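Enquirer: Below are the structure tokens for one structure; questions will follow.
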Amino acid sequence: MPPTTSSTRARSVTVLPTIREEHIEDDRDEVVSGEPLVLIVENDPHYARLLLDLAREKGFKGIVAFNGATGLSLARSSNPTAISLDILLPDMLGWAVLRVLKLDPSTRHIPVQITNGQGGTAARPRARCLRLLREGADD
């Protein structure tokens, strides 16, 4: 069998779909200090819009981040009243975001609602709920 070189070997390349961040008209340019504000960290634009609409119906302004890094930055800069945090984000797990939020003195006081697209709170086993609470989740 003749030796193969890099020029003769066939390589299989897996191309992952790119995540296209949609622009959502949130309230980041309209927030006034002291107004109730929800930070929505959610990579699914349809669900993010739904959460934003619900927040507005309840009298909150809302800002949306599609990944964990942006969410952390917005949490520090906007000082939201509450955070809705998806667990499955494109750049990091929501658990990592939660850990950073709860270790940072400037954000640890902010209540965090954990969301996931796989059944929500009612479907979580008891052990997972306890882990959420140990990690610093509020619900």
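Every read-out reported here was derived from the displayed coordinates using simple, explicitly stated rules and does not represent laboratory data. Computed from a predicted model, the values in this text were never measured in an experiment. Ideal geometry is used to build each Cβ from the backbone, glycine not excepted, and the neighbour counts take in all protein chains shown.
Enquirer: Amide H neighbours of Ser84 under 5 Å, at least 5 residues apart or on other chains, H built in the peptide plane: list them.
Expert: Correct list: Leu39, Ile40, Val41, Gln113.
Enquirer: Mind ordering 39-49, 75-85 by average Cβ neighbours within 10 Å, highest first? Mind showing how you got there, number by number?
Expert: On the way: 39-49: 20.7, 75-85: 18.7.
The peptides rank, most packed first, as 39-49, 75-85.
Enquirer: While we're on this one: Hey, with R₀ at 22 Å, roughly what FRET efficiency would His109 and Leu54 work out to, going by the Cβ-Cβ distance, to 0.05?
Expert: Efficiency, rounded to the nearest 0.05: 0.45.
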